[in-house]
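Engineer: Below you'll find the structure I mean.
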Amino acid sequence: MMSEIKIQHESDGKRGSFFLEEGGRRAAEMVYVMAGPKKMIIEHTEVDESLKGQGIGGKLLDELVGFVRKEEIKVIPLCPFAKAMFQKKEELRDVLN
């Protein structure tokens, strides 16, 4: 069990991801592409088998939502996982496009 989950963010201005590194490799990531200056499409989410069931995908999404709220970006979740999470968690829906 990981003591502290440190989600990182990288972006080249057009594409980016929120990710978790474990032992020098990406164990989980949520990848997005910008569809305009204030519009983000969540493309896909991948979580390593070893991390399944620990709510890591949800943590990636929480980080992403925190970021887009600050930047006033609207989100289009094409990723089935992200879409399902937005359906489940009403408190995140304010960021939807």
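The values are calculated or read from the model by the stated rules, or taken from the named source; none is laboratory data. These numbers were taken from a predicted model, which means no experiment stands behind them. Please note: Cβ atoms are built from the backbone with ideal geometry, for glycine as well, and neighbour counts cover all protein chains shown.
Engineer: Does F81 meet the test of being crowded, with 16+ Cβ neighbours inside 10 Å, farther than 20 Å from I5 by Cα and not β-branched (V, I, T)?
Structural biologist: It is false that F81 is crowded, with 16+ Cβ neighbours inside 10 Å, farther than 20 Å from I5 by Cα and not β-branched (V, I, T).
Engineer: Tally the residues that are within 15 Å of F19 (Cα to Cα) and either among the acidic types (D, E) or part of a loop (DSSP other than H, G, I, E, B) (or both), restricting the search to the stretch 50-78.
Structural biologist: 5
Engineer: Filter the stretch 20-31 down to residues that are at pLDDT 95 or above and either under 8 Å from the mean Cα position of the chain (by Cα) or of a type in the set (G, A, S) (or both) and give me whichever is surrounded by the most Cβ atoms within 10 Å (Cβ to Cβ).
Structural biologist: Residue satisfying both the conditions and the ranking: M30.
Engineer: Mind listing whichever residues of the stretch 79-96 are assigned to a loop (DSSP other than H, G, I, E, B) and within 18 Å of S17 (Cβ to Cβ)?
Structural biologist: Scanning the stretch 79-96 gives a single hit, C79.
Engineer: Quick one: which residue in E46, E71 is acidic (D, E), modelled with pLDDT of 95 or more and in contact with a strand residue (DSSP E or B) (Cβ under 8 Å, 6 or more places away or on another chain)?
Structural biologist: The unique qualifying residue is E46.
Engineer: Turning to a different aspect of this structure: For the stretch 49-67, check the following and say yes or no: at least one residue is of a type in the set (V, I, T) and in contact (Cβ under 8 Å) with a residue 40 or more places away in the chain.
Structural biologist: yes
Engineer: I'd like the full set of residues that are surrounded by fewer than 20 Cβ atoms within 10 Å (Cβ to Cβ), more than 24 Å from G13 (Cβ to Cβ) and touching a helix residue (DSSP H, G or I) at 6+ places or on another chain (Cβ under 8 Å), limited to the stretch 52-78.
Structural biologist: G58 - this is the single residue of the stretch 52-78 that is surrounded by fewer than 20 Cβ atoms within 10 Å (Cβ to Cβ), more than 24 Å from G13 (Cβ to Cβ) and touching a helix residue (DSSP H, G or I) at 6+ places or on another chain (Cβ under 8 Å).
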